[in-house]
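Visitor: First the structure, then my questions, so here it is.
The values are calculated or read from the model by the stated rules, or taken from the named source; none is laboratory data. Here the structure is a predicted model, which means the values were calculated and not measured. Every residue, glycine as well, gets a Cβ built from its backbone with ideal geometry; the counts of neighbours run over all protein chains shown.
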Amino acid sequence: MGVARYIKDDKDRIEDVILQSGIHIKPLYTPEDLKEVGFNYTKDLGNSGEYPFTRGIHKLGYRSREWTTRQYTGFGTPEDTNQRFKLMISQGQTGLNVAFDLPTQMGYDSDDPMVEGEVGRVGMAIDSLRDFEIAFKDIALDRIGAGLTINAVASIMLAMYQAVAEKFGFSKQAISATPQNDILKEIVGRGAWIFPVEPAVRLIGDVIEYSIKEMPRTNPVSVAGYHIREAGATPVQEIAYAIQIANAYIDNVLERGHAIDEFVARFSFNLDVFGNLWEQVAKFRAARKLWAKNIKEKYGAKNDKSMFLRGIFGGGGGGLTKEQPENNIVRSAYYALAAALSGAQTTALCSYDEAYTIPTPHAALISLRTLQLLMDEVGLRDTVDPLAGSYFIETLTKQMEAKIVEEMAKIDKMGGMVKAISTGSIQKEVARQAYEFEKGVQRSELIKIGVNKYTGGEQGEVELHEYSDTSAIEQIKSLKEVRRTRNGKEVASSLKALEKAARNEENVMPYLVDCCKAYATVGEMTSVFRNIFGEFVEPSIF
Amino acid sequence: MSDRVIRVLIAKPGLDGHDRGAKVMAHALKDAGMEVIYSGLHQTVPAIVKMAVQEDVDVIGLSIMSGAHIPISKKVMDLIKEEGLDRVIVVVGGVIPAKDIHVLKGIGVAGVFPGGTPFEESVNFIKENVPSRS
């Protein structure tokens, strides 16, 4: 996967392999290595389903349940996206992962002058409940869970999801949503932030607190190391930062007087599969163990389920190349293999054309089939944690664990993740790593096939998903229709109640649900927050 | 070329927050001896052009990943003309399909450097194309 450094002699014999995490791989591993790292089966692994859950959170792994497939999907209008959802479900996809356009992610209505040219471009445009009614039409929301890839305004989108479910006759207790709801990683790596850190984290806490009371099947946060890794962090930093970010959210909910075992079992993670295969497998196994230890030892949880690291381990887009795009099909298959060998609960792949464009149905289905093949044809459901016991993998897992612990301690020293992000320290480090990586690729020290090795031959064609203004025009027309036909008084009073709750530091979620049901728009609800909270100002890192 | 250190504004226009490429380029241009100002995220075109004037830059580097590179670049070029900033060259990087490169050059963008372009190529281009100042 091109992310380890290979030191070779003049006859192309490998003298050393240095993983991105800085660990050197040896040519041969024996029982001596396990002794050296102090490996102890019971303490370090235990059986699957047993603390510290290194081998997996469920006793029978994929035997009891295959992974959930959840391709990231959404573009154009809600109609366009609804059709694609149905196509994917009809082809065996078992969950949804909703892509919103940038105006929606940033809390603007489709007709806001700020968003010209962006409506429906990288995801679907959502302005009001009317759009959710179209997007989720004829989908069994009690059976199909939906990941909502939105963060700064995750609270609004979860409220709208509840509103649409209730309108369709599903109770809020019956539906399962996974709003990403991780604002700290947006600040580090993906950039779709709006509010300053403190109120932004409060909104994350509101979503978690509301969900544990009202939406028991919902996973109110998906802590996304994925985007931090994609922004440049090493695999070790990805896990260390994700755990520390999760801890920041836990602290917020604990401060509200809830006990750890009341809520943390519903936390989930979104982690990246990109890198050296062995390093990835060791990373996920170490992450499961460290999360369990963190929850048990630092927070004193008693319930096993609280200690489960559940997650979507998704194929990394950053690993894919524009060059020779069809190679991405093969790359992604290896990423999927790494995810399956690591016991991912849920998975998704970037499609082979995604370095260029929104995936075509053809490309999206190849990704889905790649995931299905592993479960049904290749044998990944046969037994739990199949690489366990390997001298190499167990040594590497212990080494990764030690490195992650070291990295977590650096954050503690900086005063915790909120502080480390507020000052820009994390962003600076991630940007530095991204630069080092790019230099490595440009000097051919890190190999990317088609980019700096085997670059000749046929390049292959990608069919571009052309963006059309028609979607934006239709979306704006429909938004105007909603504004014209809704009950203006109801909208105004629900927004007023929301404002009061936001100012009084009440949990805003029930008020957002009322706003959504009155067809208040995403822009109107976000404006309430913008007026009270203000906007985040990025710390300078150059 | 004068001996003046070249000043570059790396800018992220629009709502997209993927700034890995922008930050990597900022590092690379700094290492090549240029002075780099990074706009930060979510900038409007008028804000970017204003920053370019205030910082007295020679180059505006736009980093665009969302697919909206043509309309955004057009707005930047129009406003630069309006402001009489003819000596500033504009370069564009990001997710730019090959077929759009000539469109961008047609509206006055000096150079287009899609993701993966060797640092040397962008650095040399800037050094060769920044007009000298007296």
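Visitor: Out of A:I260, A:I295, which single residue is crowded, with 23+ Cβ neighbours inside 10 Å and over 20 Å from the mean Cα position of the chain (by Cα)?
Guide: Of A:I260, A:I295, the one residue that is crowded, with 23+ Cβ neighbours inside 10 Å and over 20 Å from the mean Cα position of the chain (by Cα) is A:I295.
Visitor: Can you name every residue in the stretch A:328-341 that is in contact with a Phe, Trp or Tyr (Cβ under 6 Å, 6 or more places away or on another chain) and within 12 Å of A:G314 (Cβ to Cβ)? Before the answer, list the steps.
Guide: Residues of the stretch A:328-341 that are in contact with a Phe, Trp or Tyr (Cβ under 6 Å, 6 or more places away or on another chain), as a first pass: A:328-329, A:339.
If the condition is that a residue be in contact with a Phe, Trp or Tyr (Cβ under 6 Å, 6 or more places away or on another chain) and within 12 Å of A:G314 (Cβ to Cβ), then A:A339 is the only one that fits.
Visitor: Out of curiosity, is A:T81 β-branched (V, I, T) and in a loop (DSSP other than H, G, I, E, B)? Talk me through it step by step, then tell me what you get.
Guide: Values: β-branched (V, I, T): yes; in a loop (DSSP other than H, G, I, E, B): no.
Taking the combined requirement at face value, the residue does not satisfy it.
Visitor: With a cut-off of at least 1 residues that are under 30 Å from A:K428 (Cα atoms) and more than 14 Å from chain B (Cβ to nearest Cβ), name the helices (runs of 4 or more DSSP H) lying wholly within the stretch A:483-542.
Guide: A:522-533
Visitor: Considering only residues of the stretch A:84-115 that are within 17 Å of A:S478 (Cβ to Cβ) and part of a loop (DSSP other than H, G, I, E, B), which is farthest from the other protein chains (Cβ to nearest Cβ)?
Guide: Residues of the stretch A:84-115 that are within 17 Å of A:S478 (Cβ to Cβ), as a first pass: A:100-101, A:103-104, A:108-112, A:115.
Checking the rest, the ones that are also part of a loop (DSSP other than H, G, I, E, B) come to A:101, A:108-112.
Values: A:D101: 9, A:Y108: 8, A:D109: 13, A:S110: 12, A:D111: 15, A:D112: 10 Å.
Applying the filter and picking the extreme gives A:D111.
Visitor: I would also like to ask the following. Of all residues being more than 10 Å from every other protein chain (Cβ to nearest Cβ) and without any contact (Cβ under 8 Å) to a residue 40 or more places away in the chain in the stretch B:1-34, which is farthest from A:Y108 (Cα to Cα)? Just the residue, please.
Guide: Among residues in the stretch B:1-34 that are more than 10 Å from every other protein chain (Cβ to nearest Cβ) and without any contact (Cβ under 8 Å) to a residue 40 or more places away in the chain, the one farthest from A:Y108 (Cα to Cα) is B:D3.
Visitor: Pull out all pairs, ordered by first then second residue, where Cβ-Cβ is under 8 Å, the residues are six or more apart or on different chains, the first lies in the stretch A:431-455 and is more than 10 Å from every other protein chain (Cβ to nearest Cβ) and touching a residue at least 12 places away in the same chain (Cβ under 8 Å), and the second is assigned to a strand (DSSP E or B) and surrounded by fewer than 17 Cβ atoms within 10 Å (Cβ to Cβ).
Guide: A:G440/A:R5; A:E445/A:R5; A:L446/A:R5; A:I447/A:Y6; A:I447/A:K453
Visitor: Here is a further query. Evaluate the stretch A:47-60: report whether one residue or more is outside the structural domain of A:F100 (by TED's automatic domain parsing), outside any loop (DSSP other than H, G, I, E, B) and of a type outside the set (G, A, S). Talk me through it step by step, then tell me what you get.
Guide: First pass over the stretch A:47-60, keeping only residues outside the structural domain of A:F100 (by TED's automatic domain parsing): A:47-60.
Remaining after also requiring outside any loop (DSSP other than H, G, I, E, B): none.
No, because not a single residue in the stretch A:47-60 is outside the structural domain of A:F100 (by TED's automatic domain parsing), outside any loop (DSSP other than H, G, I, E, B) and of a type outside the set (G, A, S).
Visitor: Now for a different question. Got at least one residue in the stretch B:65-77 being within 21 Å of A:M114 (Cα to Cα), touching a residue at least 60 places away in the same chain (Cβ under 8 Å) and among the hydrophobic types (A, V, I, L, M, F, W, C)?
Guide: yes
Rundown of residues vs (1) over 21 Å from A:T470 (Cα atoms); (2) outside the structural domain of A:R530 (by TED's automatic domain parsing); (3) of a type in the set (D, E, K, R); (4) surrounded by 24 or more Cβ atoms within 10 Å (Cβ to Cβ), yes/no style:
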site: A:Y108; (1), (2), (3), (4): no, no, no, yes
site: A:S128; (1), (2), (3), (4): no, no, no, yes
site: A:I134; (1), (2), (3), (4): no, no, no, no
site: A:D138; (1), (2), (3), (4): yes, no, yes, no
site: A:I144; (1), (2), (3), (4): yes, no, no, no
site: A:N151; (1), (2), (3), (4): yes, no, no, yes
site: A:I156; (1), (2), (3), (4): yes, no, no, yes
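Visitor: Moving to a separate point now. Considering only residues that are within 11 Å of another protein chain (Cβ to nearest Cβ) and farther than 19 Å from B:P114 by Cα, look in the stretch B:44-65 and name the one that is farthest from the chain's Cα centre (by Cα).
Guide: Applying the filter and picking the extreme gives B:T44.
Visitor: Then there's this: Go over the candidates A:V508, A:V513, A:V451, A:V430 one by one and state the one that is buried (at least 17 other Cβ atoms within 10 Å of the Cβ), of a type outside the set (S, T, Y) and at pLDDT below 95. Talk me through it step by step, then tell me what you get.
Guide: Working: A:V508 fails: at pLDDT below 95; A:V513 fails: at pLDDT below 95; A:V430 fails: at pLDDT below 95.
Just a single option satisfies the conditions, and that option is A:V451.
Every residue, every condition in (1) modelled with pLDDT of 95 or more; (2) within 21 Å of the chain's Cα centre (by Cα), yes or no:
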| position | (1), (2) |
| --- | --- |
| A:N47 | yes, no |
| A:Y51 | yes, no |
| A:K59 | yes, no |
| A:E66 | yes, yes |
| A:F75 | no, yes |
| A:P78 | yes, no |
| A:T81 | yes, yes |
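Visitor: Kindly provide the set of residues from the stretch B:93-134 that are touching a residue at least 60 places away in the same chain (Cβ under 8 Å), away from chain A (no Cβ under 14 Å) and polar (S, T, N, Q), ordered by number.
Guide: Answer for the stretch B:93-134, where residues must be touching a residue at least 60 places away in the same chain (Cβ under 8 Å), away from chain A (no Cβ under 14 Å) and polar (S, T, N, Q): B:S132, B:S134.
Visitor: Within the set of pairs 6+ apart or on separate chains, which have a first residue in the stretch A:488-500 that is in contact (Cβ under 8 Å) with a residue 24 or more places away in the chain, a second that is polar (S, T, N, Q), and C-beta atoms under 8 Å apart?
Guide: Within 8 Å, the pairs are A:E499/A:N531.
Visitor: Has the stretch A:403-414 got any residue that is closer than 25 Å to A:G22 by Cβ, within 14 Å of another protein chain (Cβ to nearest Cβ) and buried (at least 21 other Cβ atoms within 10 Å of the Cβ)?
Guide: Checking the stretch A:403-414: not a single residue is closer than 25 Å to A:G22 by Cβ, within 14 Å of another protein chain (Cβ to nearest Cβ) and buried (at least 21 other Cβ atoms within 10 Å of the Cβ).
Visitor: Restricting the search to the stretch A:56-88, which residues are of a type outside the set (D, E, K, R) and farther than 30 Å from A:F284 by Cβ? Can you show your working first?
Guide: Going through the stretch A:56-88, the residues of a type outside the set (D, E, K, R) turn out to be A:56-58, A:60-62, A:64, A:67-69, A:71-78, A:81-83, A:85, A:87-88.
Within the stretch A:56-88, A:F75, A:G76, A:T77, A:P78, A:T81, A:N82, A:Q83, A:L87 meet the criteria.
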